[in-house]
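Shown next, in structure tokens, is the structure this report addresses.
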Amino acid sequence: GAVVSQHPSWVICKSGTSVKIECRSLDFQATTMFWYRQFPKQSLMLMATSNEGSKATYEQGVEKDKFLINHASLTLSTLTVTSAHPEDSSFYICSAGQGTRGYTFGSGTRLTVV
Amino acid sequence: KQEVTQIPAALSVPEGENLVLNCSFTDSAIYNLQWFRQDPGKGLTSLLLIQSSQREQTSGRLNASLDKSSGRSTLYIAASQPGDSATYLCAVSRTTGNQFYFGTGTSLTVIP
């Protein structure tokens, strides 16, 4: 079945530093991947759509200069949280789909900014 | 904008009981609906996917129904087990079938 690998599963970083999160589709190609964010006790909210070979599309209210998305190949998308601050602490999760076969989510990344 | 609501927010049942989780959405123009399970601090596990043209899907003890016209879906869990304890999320996709709108989830606890 479709497998999406996300790395790292958790990360702690100091305020002001940048953190990169990787999302890989292991056994299929994904021209589009999605990045979601989940704050404590809230549901997942779509942040951006990552398109292979082109710029990402960001949802309203998401700062594109802060959350850099790169989708350089058909199997890899990266999300970089630049100059992270404590309010960026959240659970980040990616997904990739195969059309009518459904969408597979990564295992998520727990980011804590101290 | 699509809004997805799940009721109840939390549910506690004794082991062996059958239960129903509810999901409603405001815009019936969906591509599909998917039910997920999320364990604490973990990612999502897909349980059932229902295409907009389908009425229900079954997998083991789970059965999900979809009534697109009324904007509702239910997840039925038969003979619940303690291992079923988790948060259950429903999500609907846009007409393009790519991006999901998630509900706030139902936190289920099955008591041994």
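We did not get these values from a lab; they are worked out from the coordinates using the rules stated. This structure is a prediction, so every number in the text was calculated from the model and none was measured. Glycine also receives a Cβ, built like all others from the backbone with ideal geometry; neighbour counts cover every protein chain displayed.
Can you pull the semi-axes for the protein assembly as shown, root of five times each eigenvalue of the Cα gyration tensor, sorted largest first, whole Å?
Computed over the protein assembly as shown, the values are 30, 20, 16 Å.
Could you calculate the contour length gain from B:ALA79 to B:ARG94, that is, 0.36 nm times the residue separation minus the distance between their Cα atoms, to one decimal place in nm?
Stretched fully, the B:ALA79-B:ARG94 segment lengthens by 2.1 nm.
How many nm separate the modelled label positions at B:GLU15 and B:LYS1, each set 7 Å beyond the Cα in the direction of the Cβ?
According to this spin-label approximation, the distance is 4.3 nm.
Give me the percent relative contact order of chain A, please, defined on Cα pairs under 8 angstrom at least 6 residues apart. Provide the component values of the computation, followed by the final result.
Values: 285 pairs, mean separation 41.4, N = 114.
RCO, chain A: 36 percent.
Please compute the length gained on full extension between B:SER52 and B:ASP39, using 0.36 nm multiplied by the number of residues separating them and subtracting their Cα-Cα distance.
Net length gain for the segment: 2.0 nm.
Considering the Cα trace of chain A, what is its radius of gyration and what is Dmax, both in angstroms?
Final numbers for Rg and Dmax: 13.3, 41 Å.
Over the whole of A:40-50, what's the average partner chain Cβ count within 10 Å per residue? Rounded to a whole number, please.
4
Give me a single rounded figure for B:44-53: the average over its residues of other chain Cβ atoms within 10 Å of their Cβ. Present the calculation step by step, with values, prior to reporting the outcome.
Numbers: counts 11, 3, 7, 0, 1, 4, 0, 2, 0, 0.
Mean number of neighbouring Cβ atoms from other chains: 3.
Could you work out, residue by residue across A:10-22, how many beta carbons of other chains sit within 10 Å of that residue's beta carbon, and then give the average as an integer?
What the average comes to for A:10-22 is 0.
How do A:24-30, A:7-13, B:72-78 rank on mean C-beta neighbours within 10 Å, highest first?
The peptides rank, most packed first, as B:72-78, A:24-30, A:7-13.
Once you have the Cα-Cα distance between A:LYS64 and A:MET45, take 0.36 nm times their residue separation minus that, and quote the gain in nm to one decimal.
5.3 nm
Which whole-number percentage describes the relative contact order of chain B, with Cα contacts under 8 Å and a sequence gap of 6 or more?
Relative contact order for chain B comes out at 37 percent.
Please compute one quarter of the surface area of the Cα convex hull for chain B and express it in square nanometres.
6.5 nm²
Please list, or write none, the lysines whose alpha carbon is within less than 27 Å of the alpha carbon of B:LYS1, excluding same-chain residues fewer than 8 places away.
A:LYS41, A:LYS55, A:LYS64, A:LYS66, B:LYS68
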